[in-house]
Amino acid sequence: MRLTASARLVPLGLTLATLAIAGSVVLAVPAGNWPQWRGPKRDGISTEVNLLQSWPAGGPPKAWVASGLGAGYSSVSIADGRIFTMGDRRDGQYVFGLNEANGQQIWACVGESRVMVRCGAFAGVITVTAAEQRSQLRNREIALAKLAGLVAEGLAPEAARRRATKPTRGSNRRRLAAKEQRAATKQQRRRPSAE
């Protein structure tokens, strides 16, 4: 079965709502971070315990719904009470930061913007590495600080571009007069005589 591009796109808000519903079942236990694609170890395995064996009759209660996140397939990363994801809107691909507690959008920026270009992102992926310390927790803090710095640098306004200007008539006259004077000086030079 072959899907068209429009059939493959799923509203990202629906995906996040589904994740929020699934996450609301395990609110009684401390929720772990899901800081990257496929989880902490990139193996797709959650370490959560005490999960329900079956759904309640009416399904779990809906925790919240996020809308306006565009369409597309994107994994979510969850860290420190924030959810990070991407989605396509009409004017470009966006990166979103949401509040984990209520799904409110905290910030959004165009994904293929200066942030991605300045960070040297390849296909929309920014990789931040930190291995300066022995402690994984300290390295995580360093990586988050690096990422925050990269995003701040990418979101900073660009320096004003220099507009090409034409020299004024007066500056052209002065430049040509100086050239004529220099040429006259060079013409007056002669080889030294043998005497």
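A short reminder: the numbers here are calculations on the coordinates, not readings from a lab. Every value quoted in this text rests on a predicted model; they were computed, and no experiment measured them. Cβ coordinates were reconstructed from backbone atoms using ideal geometry, including for glycine residues, and neighbour counts include every protein chain displayed.
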Checklist outcome for this item: Full extension between W107 and S54 adds, at 0.36 nm per residue less the Cα distance, a length in nm of 15.5 nm
Checklist outcome for this item: Residues whose built amide H sits under 5 Å from the amide H of W107, excluding neighbours closer than 5 in sequence, are G97
Checklist entry - Taking the mean number of other Cβ atoms within 10 Å as a proxy for protection, how do you rank 135-142, 72-79, 174-181 from highest to lowest? => result 72-79, 135-142, 174-181
Checklist entry - So if we plug the beta-carbon distance of Q136 and D91 into 1/(1 + (r/R0)^6) with R0 = 30 Å, what FRET efficiency do we get, rounded to 0.05? => result 0.20
Item to check | Whole-angstrom gap from region 40-101 to region 124-166, using each part's C-alpha centre | outcome: 24
Checklist entry - Once the piece of chain linking R190 and T165 is laid out straight, how much longer is it, given 0.36 nm per residue of separation minus the C-alpha distance between them? => result 5.0 nm
Checklist entry - How far, in nm, would the chain grow between A152 and S67 when pulled straight, counting 0.36 nm per residue and subtracting the alpha carbon separation? => result 28.1 nm
Item to check | Per-residue ³J(HN,Hα) for region 70-79, Karplus 6.51 cos²θ - 1.76 cosθ + 1.60, θ = phi - 60°, Hz, x for Gly and Pro | outcome: x, 10, x, 9, 8, 6, 10, 10, 10, 7
Checklist entry - With each pseudo-label sitting 7 Å past Cα toward Cβ, what's the L176-Q36 distance in nm, one decimal? => result 6.6
